[in-house]
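The values are calculated or read from the model by the stated rules, or taken from the named source; none is laboratory data. Just so you know, these numbers come straight off a predicted model, no measurement behind them. Cβ placement follows ideal geometry from the backbone for every residue including glycine, while neighbour counts extend to all protein chains displayed.
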Amino acid sequence: MEIKGFKFSTVEAAIKKPGRKDLALIFSEIPANAAAVFTINKVKAAPVLLSAERITSGKAQALLVNSGNANACTGENGMTVAKETSRLVADGLGISDQLLQVSSTGVIGVQMPLDRFTSAIPPLIAGLQNGTFAEVAQAIMTTDTFPKMETKSVQTADANYTIAGIAKGAGMIMPNMATMLSFIITDAAVAPEFLQKAFRNSVNSSFNAITVDGDMSTNDTCLIMANGMAGNKVITDGTTEADVFENTLCELLLSLAKQIVKDGEGATKFVEIRVTGAVDDNDAKKAAMSIANSSLVKTAFFGQDANWGRIFAAVGYSGATVNPLFLSLRFDDVCMAENGIFAGGDAETRGTSVLQQKEFTVTVDLGLGNGTATVYTSDLSHEYVNINADYRT
């Protein structure tokens with residue numbers, strides 16, 4: 001991957017336990033325009049609070065991220081550690097600590113071991129000449145079974161630029177993000193105001209359209225840095241170049257989001273939930289998320305049980321406007337119910353065959369208007385319980 005002006009490093013700090021690299025650094029050679037989206041959970045980790053305050057400047061030059069400890073629910077000491085580790089890295093890089101973003105993922109409620117950062121930061125900074133973005137993707141993993149990466153290149157009239165992203169997340173995932181970290185870098189020159197707008201739009205149609213288990217974390221963070229070192233003309237809102245940039249960014253984030261769902265803890269199915277015919281898009285999203293978060297629906301997916309009644313029930317309590325006489329449902333192209341009534345015949349058999357696939361689409365038409373929404377989810381398996389029953393041990 002060639003992306004100008006960014007350097008990477010990872011080290012083993014043994015934050016939770018030894019045996020893997022768990023501390024990473026992303027560094028831009030020059031300050032970058034930056035934007036970020038954080039968890040809406042009212043219980044926020046110290047690094048989220050610190051980074052949210054700093055990102056208001058619209059600038060960032062480096063990111064320090066660790067796995068193994070969330071530094072959440074750790075009181076004043078948690079914030080002290082976040083600030084001190086930030087200061088140590090900023091001093092080592094020769095930049096203002098206001099330009100350094102911090103992020104953590106791992107167990108909640110455990111005090112962060114500052115001494116392990118203190119000894120690991122010098123070799124972390126020294127390793128910037130040799131590290132890779134892929135190594136950072138590995139270092140931020142917790143229960144993930146594979147690193148999540150995507151890269152897109154764009155050719156413009158005056159220069160080529162690249163957008164690259166990594167993400168981590170497998171459980172405690174639902175819209176407005178959760179236990180999810182994603183870091184996007186680009187050497188494109190992008191106007192700050194447009195970068196904010198394009199990034200939020202792209203997050204809403206990707207990371208805020210996925211759910212694994214309906215839980216929301218204290219630490220989720222999605223950050224983008226654009227350093228402009230590709231040398232392209234600055235991309236501003238309302239231009240063809242802006243449309244290309246935003247579409248490319250959205251495709252990249254959606255790819256990362258889908259990878260998270262496919263890696264859902266113990267997941268055996270990847271399911272696209274489409275809702276059409278709602279009174280508006282907001283109602284469609286309510287209905288789609290209600291289906292995608294229903295434990296009864298998700299366990300039926302795992303069991304390959306074409307229990308369409310559970311889906312209609314989830315739509316009914318979603319808060320969306322619903323008339324049961326107008327509801328229709330399809331598994332892929334198999335009609336399971338029309339106008340609120342079971343399709344009969346061989347629908348059960350054909351529907352079961354669809355659910356036996358690793359990937360399929362569930363489409364619900366509310367029959368009331370033009371509102372639409374698409375979200376992505378996984379099934380809920382025995383393995384999900386096994387993973388989360390002993391996560392801290």
Within region 68-84, the count of residues that are in contact with a Leu (Cβ under 8 Å, 6 or more places away or on another chain) and either within 22 Å of LYS168 (Cα to Cα) or not assigned by TED's automatic domain parsing to the domain that holds MET141 (or both) comes to 1
Within region 2-22, how many residues turn out to be hydrophobic (A, V, I, L, M, F, W, C), closer than 30 Å to ASN232 by Cα and in a strand (DSSP E or B)?
2
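Output the number of residues of region 179-195 satisfying the condition of being among the β-branched types (Val, Ile, Thr) and assigned to a loop (DSSP other than H, G, I, E, B). Give the derivation first.
Within region 179-195, the first condition is being among the β-branched types (Val, Ile, Thr), and the residues that meet it are 179, 184-186, 190.
Subsequent filtering for residues that are assigned to a loop (DSSP other than H, G, I, E, B) retains 179.
The total comes to 1.
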Could you tell me which residue of region 17-52 is surrounded by the most Cβ atoms within 10 Å (Cβ to Cβ), considering only residues that are farther than 17 Å from VAL136 by Cβ and over 19 Å from the mean Cα position of the chain (by Cα)?
ALA46
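Rundown of residues vs (1) in contact with a strand residue (DSSP E or B) (Cβ under 7 Å, 6 or more places away or on another chain); (2) modelled with pLDDT under 95, yes/no style:
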site: MET216; (1), (2): no, yes
site: ASN227; (1), (2): yes, no
site: VAL261; (1), (2): yes, yes
site: VAL271; (1), (2): yes, yes
site: VAL279; (1), (2): yes, no
site: ALA292; (1), (2): yes, yes
site: GLY303; (1), (2): no, yes
Working only within region 172-191, note down all residues that are at pLDDT 90 or above and not aromatic (Phe, Trp, Tyr).
LEU181, SER182, ILE184, ILE185, THR186, ASP187, ALA188, ALA189, VAL190, ALA191
The residue that is farthest from ASP158 (Cα to Cα), considering only those in region 230-243 that are in contact with a Ser or Thr (Cβ under 8 Å, 6 or more places away or on another chain) and crowded, with 17+ Cβ neighbours inside 10 Å, is ALA242
Give, as residue ranges, the strands (runs of 3 or more DSSP E) completely inside region 23-114 that count at least 1 residues that are among the basic types (Lys, Arg) and more than 18 Å from ASP220 (Cβ to Cβ).
59-69
With respect to ALA343, is the statement that it is in the same structural domain as PHE302 (by TED's automatic domain parsing) and farther than 22 Å from ALA209 by Cα true?
yes
Exactly one of (1) more than 28 Å from ALA159 (Cα to Cα); (2) touching a residue at least 60 places away in the same chain (Cβ under 8 Å); (3) of a type in the set (Asp, Glu); (4) surrounded by fewer than 23 Cβ atoms within 10 Å (Cβ to Cβ) is unmet by ASP97. Its number?
(2)
The condition from (1) in contact (Cβ under 8 Å) with a residue 40 or more places away in the chain; (2) part of a helix (DSSP H, G or I) that THR118 misses is numbered (1)
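This table checks each residue for (1) of a type in the set (Ser, Thr, Tyr); (2) within 28 Å of SER255 (Cβ to Cβ); (3) not assigned by TED's automatic domain parsing to the domain that holds THR143.
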residue	(1), (2), (3)
LYS285	no, yes, yes
ALA288	no, yes, yes
ASP305	no, no, yes
ALA314	no, yes, yes
LEU325	no, no, yes
SER328	yes, no, yes
VAL362	no, yes, yes
THR377	yes, yes, yes
Among residues belonging to region 317-371 that are of a type in the set (Asp, Glu) and not in a helix (DSSP H, G or I), point out the one that is nearest to VAL279 (Cα to Cα).
ASP365
Would a scan of region 138-148 turn up a residue that is touching a residue at least 24 places away in the same chain (Cβ under 8 Å), buried (at least 19 other Cβ atoms within 10 Å of the Cβ), not in a loop (DSSP other than H, G, I, E, B) and not hydrophobic (A, V, I, L, M, F, W, C)?
yes
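Quick one: which residue in SER67, SER57 is over 21 Å from the mean Cα position of the chain (by Cα) and small (Gly, Ala, Ser)?
It is SER57.
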What residue, among those in region 286-295 that are part of a helix (DSSP H, G or I) and of a type in the set (Ser, Thr, Tyr), is farthest from the chain's Cα centre (by Cα)?
SER295
In the set GLY109, GLY169, GLY165, the lone residue that is closer than 30 Å to SER202 by Cα, at pLDDT below 95, touching a Ser or Thr at 6+ places or on another chain (Cβ under 9 Å) and not polar (S, T, N, Q) is GLY169
Residue in region 296-310 that is farthest from the chain's Cα centre (by Cα), counting only those that are crowded, with 17+ Cβ neighbours inside 10 Å, free of Cβ contacts under 8 Å to residues at least 60 places away in the same chain and assigned to a helix (DSSP H, G or I):
TRP308
